[in-house]
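Contents: one structure, followed by commentary.
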Amino acid sequence: MTKNVSIKFCKKCLYSENHPLGITFNDEGICSGCLVHDEKNKLDWSFRWQKLLKLVKRYKSKKNNYDAIVPVSGAQDSYFIMYIVKKLGLKPLVVHYNKYFNTDVGIYNLSNLRIKFNTDIIFQNVNPRCVKKLTKKTFTEFGNIYWPILAGNSVFPVQISIKYKIPLIIWGAHQGLEQVGMYSHKNEVEMTRRYRKNHDLFGIDEYNIFNTYDDLNQEDLSSYFYPSDSELKHIGTRGIYLGNYLRWDPKAQHEKMIKLFNYKTTRFNRTIDCYDYVDCFNYLNLHDYLKFLKHGYSKITDHLTREIRHKRIDKISALKIVSRYEKKSPLYVGLFSEWMGIDSKGLKFITDKFKNNNLIYHNKSFQSLNDIAMLENKKKLKRKQIKKISFFNNSSIKKKNYITFGKGY
């Protein structure tokens, strides 16, 4: 017997009312994420491109200085952002926060990006001891091994904006808009301190992460403090999202970057997408597994929801594919245990305490949101053949250890 779990799911995609970013449904049972995604088929993207051209024109330097800051990594949408920035005729200052869980594929991609786009880059390497202390705290208290990376990625570009007096920061897509329709494209939402704290950092920022019993101190967090409102106002710092001005399609964009710039991809154990997060040992492994335990779904659900919305796969096929991947064991957990100085039993004890009690059988086996959705679609699942969707893999992770920092290629 299972607990009597009643959960509302979107009629179109795989998301439920339990999405941590918050989601709403219309009278037909369609979620806000799908409704906002439908704008992609209705908006005049030529008009929006012209709006973007007009917006960035005012930031072009007349002294041959940098026009904008562009945060990049060895994965995600970095290549496509740089491709668009160059099309806009801008001279970017590229910035990169070192996550310390780097793969050789990610190091190659980052080095290759610098060469292909002929750009200057500033790296931030926070003291590894501070990063470990922070990671240990956020892992043991919040079940989050990625807080220092998310905090660093979202604040370092803003700090550089203040330091070098470069007002414009250019990001890719807005996660809240793309996943749950938190905003319309027409809102042209921009980067904010509030969104960073409430969503990127799950309500815990550098100001309220302390408690009396910590061995953390101000010095440990010095690299993560967001500039003051007066500093932001003085420089005029703003962060725009290209996804408000371009028809954002990560799969199509990545495949274009593979063809044009030899972007490297790799297969993962827990999702079919070979393109995202190829730079990190942990994002689609232990980090994703913790997300699964806490929220009852994982990155494969995000990836296939995106593909449903782009009409490359149907919902029933997606449900079946999710069931094949989401409960697979994360890889490279031993690397993280060694890096953190925690043995395998200790790590399991910590991860198990973050299991969502609302998604557990009475016999103590874990029931995911996808399990519940499959029960609701039992008849359709029996009749439906799986529609396949393909991702192009052109590489693999060869060095099975964290690359603290790479020499380049």
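Quick note: the coordinates plus some simple rules give every number you see, no bench work behind them. The structure presented is a predicted model; accordingly, all values stated were derived computationally and were not measured. So basically every Cβ, Gly included, is an ideal-geometry build from the backbone, and we count neighbours across all protein chains shown.
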### Summary
Placing +1 on each Lys and Arg Cβ and -1 on each Asp and Glu Cβ in the chain, then taking the dipole about the Cα centre, the residue among Tyr83, Tyr59, Asn144 whose Cα reaches farthest towards the positive end is Tyr83
### Query
Amide H of Val278: which non-local residues (sequence gap of 5 or more, or other chain) have their own amide H closer than 5 Å, using H built in the peptide plane?
Gln76
### Task
Arrange the following residues from fewest to most other Cβ atoms within 10 Å of their Cβ: Thr404, Thr301, Thr266.
Thr404, Thr266, Thr301
### Summary
For Cα extents along the principal axes in Å, with candidates (1) 70, 53, 41; (2) 60, 55, 50; (3) 91, 41, 37, the value calculated from the shown model is option (1)
### Message
Please report the antiparallel percentage of the DSSP beta bridges confined to the chain, to the nearest 5.
### Response
25
### Query
Using a simple charge model, +1 on the beta-carbon of Lys and Arg, -1 on the beta-carbon of Asp and Glu, nothing else, what dipole does the chain show about its Cα centre, in debye to the nearest 20?
1440
### Summary
Here the relative contact order (percent) of segment 42-244, from C-alpha pairs under 8 Å and at least 6 apart, is 24
### Query
Ranked from highest to lowest mean number of other Cβ atoms within 10 Å per residue, what is the order of the peptides 323-330, 241-248?
241-248, 323-330
### Task
List the residues whose amide H sits under 5 Å from the amide H of Ala68, counting only those 5 or more places along or on another chain, with H placed 1.01 Å from N in the peptide plane.
Lys91, Leu93
### Query
Looking at Ser222, Val278, Tyr263, which one has the Cα that reaches farthest to the positive end of the dipole of segment 222-286 (charges on Cβ: Lys, Arg +1; Asp, Glu -1)?
Tyr263
### Query
Tell me, in nm to one decimal, what length is gained between Glu219 and Asn26 on full extension, where the rule is 0.36 nm per residue of separation less the Cα-Cα distance?
64.7 nm
### Message
Explain nothing, just the number: dipole magnitude of segment 268-409 about its Cα centre with +1 on each Lys and Arg Cβ and -1 on each Asp and Glu Cβ, in debye rounded to the nearest 20.
### Response
740
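R0 = 30 Å: FRET efficiency of Lys91 with Phe202, Cβ-based, nearest 0.05? The partial results should precede the final answer.
Values: r = 35 Å, r/R0 = 1.17.
About 0.30, to the nearest 0.05.
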### Task
Name the aspartates and glutamates eligible as straight-distance cross-link partners of Lys8: C-alpha to C-alpha under 16 Å, and not fewer than 8 places from it in the same chain.
Glu17, Asp27, Glu28, Asp371, Glu376
#### Entry: Which of Ile313, Ile162 has the fewest Cβ neighbours within 10 Å, and the rest in rising order
Ile162, Ile313
### Query
So which of Lys11/Lys299; Lys133/Lys400; Lys348/Lys382; Lys251/Lys378; Lys12/Lys387 end up more than 25 Å apart by C-alpha?
Lys348/Lys382; Lys251/Lys378
### Query
Within the chain, which complete DSSP H helices have Cα atoms spanning at least 24 Å along the helix axis and a mean Kyte-Doolittle hydropathy of 0.5 or higher?
147-164
### Message
Less than 17 Å apart at the alpha-carbon level, and either on another chain or at least 8 residues along: which aspartates and glutamates does that give for Lys165?
### Response
Asp67, Asp120, Asp229, Glu231
### Query
Any idea what the dipole of segment 42-244 comes to, in debye rounded to 20, about its Cα centre with Lys/Arg Cβ at +1 and Asp/Glu Cβ at -1?
1060
### Message
Relative contact order of the chain, please, whole-number percent, based on alpha carbon pairs below 8 angstrom and at least 6 residues apart.
### Response
24
### Where labels lie 7 Å past Cα in the beta-carbon direction, separation of Lys387 and Asp120 in nm
4.9
### Efficiency of FRET between Lys40 and Lys327 - r from beta-carbon atoms, R0 25 angstrom, step 0.05
0.20
### Query
Given the pairs Lys40/Lys259; Lys264/Lys291; Lys264/Lys328; Lys87/Lys256, which span a C-alpha to C-alpha distance of over 19 angstrom in this model?
Lys40/Lys259; Lys264/Lys291; Lys264/Lys328
### Query
How do 331-341, 88-98 rank on mean C-beta neighbours within 10 Å, highest first?
88-98, 331-341
### Query
Where the centroid of each part is defined by its Cα atoms, how far is segment 77-118 from segment 256-273 in Å?
15
### Query
Just going by the charge dipole of the chain, with Lys and Arg at +1 and Asp and Glu at -1 on Cβ, which of Asn41, Gly239, Ile162 is farthest out on the positive end?
Asn41
### Query
In whole Hz, what ³J(HN,Hα) sequence does segment 28-41 give by Karplus (6.51, -1.76, 1.60; θ = phi - 60°), x for Gly and Pro?
8, x, 8, 6, 4, x, 5, 5, 6, 4, 4, 4, 4, 8
